[in-house]
């Protein structure tokens, strides 16, 4: 039974009155939201939000358990997990699993919201008796309606009509539920054929992925797959020698690699024509650090004794040099520069076990020959390593590819500070530093 009312205030009053008469299966319709109508109808809070919450928590739980099973367990049974160690990280850690847990929480909640809305609203329905009522079309314009369903325990056509008229309802009418027309059988046949045809491309793709063919694959969007290009470690017909990887063009300088200032880039007063290394004697065996005699017999070069003007001598540079030294140098030379870093300690252990050849530790940075070296020579060693005149490596590798120019000079500054700590005198300190010591 459907009744029309004048406006939103009359609709709220009518809803309250019809509830007081004992009717429960009541629904209101209006062209816009009417504040207070839910309270007047004593509408129950929807259960869908709680169902969505439960689905979201379920998705989160499923994601965490799935990742734990896949990554933190391993066995010899089917579909077992696989413990894959990466950089010493734990096999299962909650922070690392948050992204997947978040995604499944949203996925479960979204699907539940969509499907739950359809289910709790009794959908899908091919028709509704209200749509066959011409006057009800005003519900989208200026009509306000109350509907009492026949499933209400107190429903009676005469009683409902009287109740509506007593509270100001107009155009009280009976609506008959028109049963849905059955779907024609040919429709199911056509739908089945369309479904089978739609699966054929997927079946072909699945077959092609597991099969082998000598014909090129079909590319709808080729992008840049078939353009002439050179791939590393593969042959190429772009060049006469058939190689993809190319050597730098002779006589050219890479962008940013031009070195015009020998003081800044080489640690030399002027370029002597042999900038690739310090030119230590080749008497030392390959793979071993040069001895003190080697250092003493090194040909003299025009090393600079003062830091280049481009390098700022400050506490900030010193702190940066200490940080870079501890990262790149301390593993061999030790944090104090005594040549007892972790690499050297491990080498001695392997030597005692007979698992390593003879090992000579890195030269102590506090040795007299090293302390006597000017800043330019230390910088050159950090940059190019220890090379014999013929270019043969005899000790430490160069770090010019790993450490920036400014950081290499910062390391030199810190090395000089380390060396000074071994013979520091009280007179070297300021009055404030002396007071702090006292």
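Relative contact order for the chain: what is it in percent, counting Cα pairs under 8 Å that are at least 6 residues apart?
With pairs under 8 Å counted, the relative contact order is 15 percent.
Which order results if 213, 314 are arranged by neighbouring Cβ count within 10 Å, fewest first?
Ordered from fewest to most neighbouring Cβ atoms within 10 Å, 213, 314 come out as 213, 314.
Gain in length, residue 438 to residue 214, computed as 0.36 nm per residue apart minus the alpha-carbon separation, to one decimal in nm?
Details: separation 224, 0.36 × 224 = 80.64 nm, distance 8.47 nm.
Computed gain between residue 438 and residue 214 is 72.2 nm.
If R0 is 30 Å, what FRET efficiency do you get for residue 323 and residue 86 from their C-beta distance, rounded to 0.05?
Once rounded, the FRET efficiency stands at 0.70.
Between residue 306 and residue 424, what is the FRET efficiency for a Förster distance of 30 Å, r being their Cβ-Cβ separation, to the nearest 0.05?
It comes out at approximately 0.90.
Evaluate the Debye formula for the range 151-236 with equal point scatterers sitting on the alpha carbons, no solvent, and hand back log10 of I(q)/I(0) at q = 0.19, 0.24 Å⁻¹, in q order, two decimals.
-1.04, -1.22
What is the Cα radius of gyration of the range 311-438 over 2.2 N^0.38 Å, N being its residue count?
Taking the Cα Rg and dividing by 2.2 N^0.38 Å, one obtains 1.19.
Once both axes come from the Cα atoms, what is the angle between helix 48-72 and the longest principal axis of the chain, in degrees from 0 to 90, rounded to 10?
Once rounded, one gets 30 degrees.
Using the Cα atoms as the points, what is the convex hull volume per residue of the chain in Å³?
Measuring per residue, one finds 420 Å³ for the Cα hull of the chain.
Determine, from the Cβ-Cβ distance of residue 247 and residue 134 and an R0 of 56 Å, the FRET efficiency 1/(1 + (r/R0)^6), rounded to the nearest 0.05.
Numbers: r = 86 Å, r/R0 = 1.54.
Efficiency computed from Cβ-Cβ geometry: 0.05.
Taking the Cα atoms only, what angle lies between the long axis of helix 157-166 and the longest principal axis of the chain, rounded to 10 degrees?
80
Using a 10 Å cut-off around each Cβ, can you sort 409, 221, 50, 92 from fewest to most neighbouring Cβ atoms?
Working: 409 27, 221 5, 50 10, 92 17.
Fewest to most other Cβ atoms nearby, the residues stand as 221, 50, 92, 409.
Distance between the C-alpha centers of the range 1-79 and the range 159-222? Whole Å please.
Between the Cα centre of the range 1-79 and that of the range 159-222, the gap is 25 Å.
Between residue 72 and residue 20, what is the label-to-label distance in nm when each label sits 7 Å out along the Cα-to-Cβ direction?
6.1
Mind pulling the angle between the C-alpha long axis of helix 405-421 and the longest principal axis of the chain? Nearest 10 degrees, somewhere in 0 to 90.
Once rounded, one gets 60 degrees.
Just to be sure I understand: with springs between alpha-carbon atoms less than 10 Å apart, which residue in 23, 77, 399 has the highest mean-square fluctuation in the Gaussian network model of the chain?
77
Suppose only helical runs count, i.e. DSSP H with n ≥ 4. What mean residue ellipticity at 222 nm does that imply for the chain under -39500 (n - 2.57) per run, divided by all residues and rounded to the nearest 500 deg cm²/dmol?
-12500 deg cm²/dmol
Distances longer than 29 Å among the Cα atoms of the range 1-179: what percent of all pairs is that?
Percent of Cα pairs beyond 29 Å in the range 1-179: 46.
Could you pull the Cα extents of the range 77-121 along its three principal axes, largest to smallest, in whole Å?
In descending order, the Cα extents are 52, 28, 10 Å.
For residue 39 and residue 238 in one chain, what is 0.36 nm times their gap in residues minus the Cα-Cα distance, to one decimal in nm? Write out the running numbers ahead of the final one.
Numbers: separation 199, 0.36 × 199 = 71.64 nm, distance 7.94 nm.
Value of the extension gain: 63.7 nm.
If you project the alpha carbons of the range 1-98 onto their three principal axes, what span does each projection cover, largest first, in Å?
Each principal axis gives a Cα extent; for the range 1-98 these are 73, 26, 20 Å.
Quick note: the coordinates plus some simple rules give every number you see, no bench work behind them. All of these numbers come straight from a predicted model, not from anything done at the bench. Note: ideal-geometry Cβ built from the backbone for every residue, glycine included; neighbour counts use all protein chains shown.
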